Amino acid sequence: MRTVLAILSVAVSIGFAPDAPTPPATSRTRVVMLGTGVPFPDPDRFGSATVVIVDSTPYLVDCGVGVVRRWAAAIRADSLPLRVYDLRRVFITHLHSDHTLGYPELILTSWTVEKPPRRPLLAYGPAGLVAMTEHILAAYAADIHIRTDSGGELAGVSPPAVVTHEIEPGVVYHDSLVTVTAFPVHHGTWPQAFGYRFQTPDKVIVISGDAGPPSTVSEQCQRCDILIHEGGYVTPPGTQPPGYQESFHTSAVDLAAIANISRPRLLVLYHQGPLTPEQQAERLHAIRSRYNGEVVMARDLDIFQ
């Protein structure tokens with residue numbers, strides 16, 4: 001597992017020094033990349049899911065396939081002082097399946113294994129999230145009934161509780177540790193898609209979600225600490241339908257332009273397909289040749305701070 005401090009030291013040694021000072025070794029805020037993949041079933045990259053941890057409270061952005069098991073892996077690999085059922089706040093960028101296939105797992109697995117008192121799941125996202133939640137609970141009604149009403153292992157326990165918020169741009173969540181701001185992004189033909197900005201006691205973290213041009217990300221990340229951004233593709237002509245990539249995702253050229261305006265301390269690429277080492281190097285080179293700040297390509301279970 002990599003951490004940002006190790007990455008920065010390597011980057012400086014090969015000439016990609018950041019234009020902001022390296023953060024202290026101790027930080028109240030960490031970012032865990034649970035899933036960095038795309039819809040293609042790459043066994044090395046699970047579905048989109050990112051956790052911002054402030055002190056010992058986790059905040060989840062998106063819940064792609066395998067999210068709870070990937071969270072369990074992160075807890076074990078880094079000895080995080082958390083439990084598998086501690087993901088009780090989730091912020092959905094948009095309702096594409098690769099960002100929500102783990103939503104039933106998040107609702108049901110956490111409810112099944114959590115020790116009393118069971119806490120509701122707080123879910124925030126675009127229009128349609130309420131209907132998706134209701135349909136998931138309806139689809140698993142027989143499971144819930146057997147576990148709770150027919151002498152199953154959860155006899156007498158209330159069904160899983162999900163408090164769903166369909167949001168608009170602006171501050172969507174606030175507590176003593178974070179302020180979460182949703183901002184609109186352009187993602188093809190989706191009527192609503194969001195990125196999220198997390199203001200914590202010691203960091204500003206911006207997560208793009210899936211976003212194509214025109215970008216609104218630089219307005220949210222003005223020298224933010226970590227910008228987690230999708231894409232950076234370098235696509236040979238003819239491999240996608242005309243206009244598809246440009247409408248739904250961000251190219252390496254456009255991402256470099258965004259980074260030059262935003263100037264994050266660290267730019268993290270995620271939402272990546274299966275790439276050979278040569279393709280990864282090509283993608284990073286295309287950005288680094290236009291942007292002199294620190295850039296890394298995230299892998300599942302990487303931690304940045």
* Structure fact -> Filtering the stretch 196-215 down to residues that are assigned to a loop (DSSP other than H, G, I, E, B) and either surrounded by 24 or more Cβ atoms within 10 Å (Cβ to Cβ) or modelled with pLDDT of 95 or more (or both) yields Thr200, Pro201, Asp202, Lys203, Ser208, Gly209, Asp210, Ala211
* **Within the stretch 23-37, considering residues that are part of a loop (DSSP other than H, G, I, E, B) and modelled with pLDDT of 95 or more, the one surrounded by the fewest Cβ atoms within 10 Å (Cβ to Cβ)** => Arg28
* **Search result, residues across the stretch 107-152 that are among the small types (Gly, Ala, Ser), modelled with pLDDT under 95 and surrounded by 16 or more Cβ atoms within 10 Å (Cβ to Cβ)** => Ser110
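Could you check how many residues of the stretch 170-181 are part of a loop (DSSP other than H, G, I, E, B) and either within 18 Å of the chain's Cα centre (by Cα) or buried (at least 18 other Cβ atoms within 10 Å of the Cβ) (or both)?
Adding up the residues that qualify gives 2.
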* Structure fact -> Reported set for the stretch 47-65 where residues are surrounded by 20 or more Cβ atoms within 10 Å (Cβ to Cβ) and not hydrophobic (A, V, I, L, M, F, W, C) is Gly47, Ser48, Thr50, Pro58, Tyr59, Asp62, Gly64
* Of the numbered conditions (1) over 17 Å from the mean Cα position of the chain (by Cα); (2) at pLDDT 95 or above; (3) not basic (Lys, Arg), Thr57 satisfies every one except a single condition; which is it? -> (1)
* Structure fact -> Checked against (1) open to solvent by less than 10 Å² (accessible area, probe 1.4 Å); (2) over 24 Å from Gln199 (Cβ atoms); (3) at pLDDT 95 or above, Pro104 satisfies every condition except (1)
* Would you mention how many residues in the stretch 244-283 are in contact (Cβ under 8 Å) with a residue 24 or more places away in the chain and outside any helix (DSSP H, G or I)? => 14
* Structure fact -> Counting only residues that are touching a strand residue (DSSP E or B) at 6+ places or on another chain (Cβ under 8 Å) and either hydroxyl-bearing (Ser, Thr, Tyr) or farther than 27 Å from Ile167 by Cβ (or both), the stretch 127-155 contains a total of 1
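The values are calculated or read from the model by the stated rules, or taken from the named source; none is laboratory data. Quick caveat, the model's predicted, so the values are computed rather than measured. Backbone-built Cβ (ideal geometry, glycine too); neighbour counts: all protein chains shown. Ligands, DNA and RNA are excluded from the accessible area calculation, which covers all protein heavy atoms including side chains. Shrake-Rupley method; radii C 1.70, N 1.55, O 1.52, S 1.80 Å.
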